[in-house]
Amino acid sequence: MLDALWSAAGADGLSARQVLDAFPEPRPALTTVLTVLDRLGRKGQVERQPHDDAPLTFRATNSREEQTASLMSNALAAATDREAALLRFTGSLASDDLDVLRRALDARARS
């Protein structure tokens with residue numbers, strides 16, 4: 001669901017029908033899509049946008065990158081040994097990802 005919302009162009013969001021149409025066959029029922037969107041809304045991940053002249057639309061409250069960063073932060077917060085977790089994580093990164101991480105750390109140190 002979030003993938004469809006993240007992929008949508010424009011800030012107006014998508015209707016539940018448009019989210020459903022983003023699924024490959026076999027598609028879930030529209031009621032299932034509405035239920036999941038409602039649950040994501042209660043978790044603060046989706047925002048409902050009512051319109052006077054159009055169907056209700058939904059949009060993700062955070063970008064894909066913000067959501068990924070939040071998941072990474074939550075996983076680190078759950079670790080009993082943060083240093084070991086970070087060392088394991090960085091040890092699993094490809095060299096290109098390590099270069100991006102180094103640049104981000106260098107930029108943060110300069111600011």
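Being touching an Asp or Glu at 6+ places or on another chain (Cβ under 6 Å) and of a type outside the set (Ser, Thr, Tyr) narrows it down to one of 48, 59, 102, 108, so name that one.
59
Okay, residues lined up against (1) out of contact with any Lys or Arg (no Cβ under 9 Å at 6 or more places or on another chain); (2) closer than 24 Å to residue 4 by Cα; (3) surrounded by 12 or more Cβ atoms within 10 Å (Cβ to Cβ):
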| site | (1), (2), (3) |
| --- | --- |
| 34 | yes, yes, yes |
| 49 | no, yes, yes |
| 54 | yes, yes, no |
| 62 | yes, yes, yes |
| 92 | yes, no, no |
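Results for (1) touching a residue at least 24 places away in the same chain (Cβ under 8 Å); (2) assigned to a helix (DSSP H, G or I); (3) touching an Asp or Glu at 6+ places or on another chain (Cβ under 8 Å), shown as yes or no for each residue.
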| position | (1), (2), (3) |
| --- | --- |
| 4 | no, yes, no |
| 12 | yes, no, no |
| 17 | yes, yes, no |
| 20 | no, yes, no |
| 25 | no, no, no |
| 28 | no, no, no |
| 32 | no, yes, no |
| 35 | no, yes, no |
| 40 | yes, yes, no |
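For the range 42-86, residues that are over 30 Å from residue 101 (Cβ atoms) and either in contact with a His (Cβ under 7 Å, 6 or more places away or on another chain) or part of a loop (DSSP other than H, G, I, E, B) (or both) total 8.
Every number in this text was worked out from the coordinates using simple rules, so none of it is lab data. In this text, all values refer to a predicted model and were calculated from it rather than measured experimentally. Cβ sites come from the backbone with ideal geometry, for glycine too, and all protein chains shown count toward neighbours.
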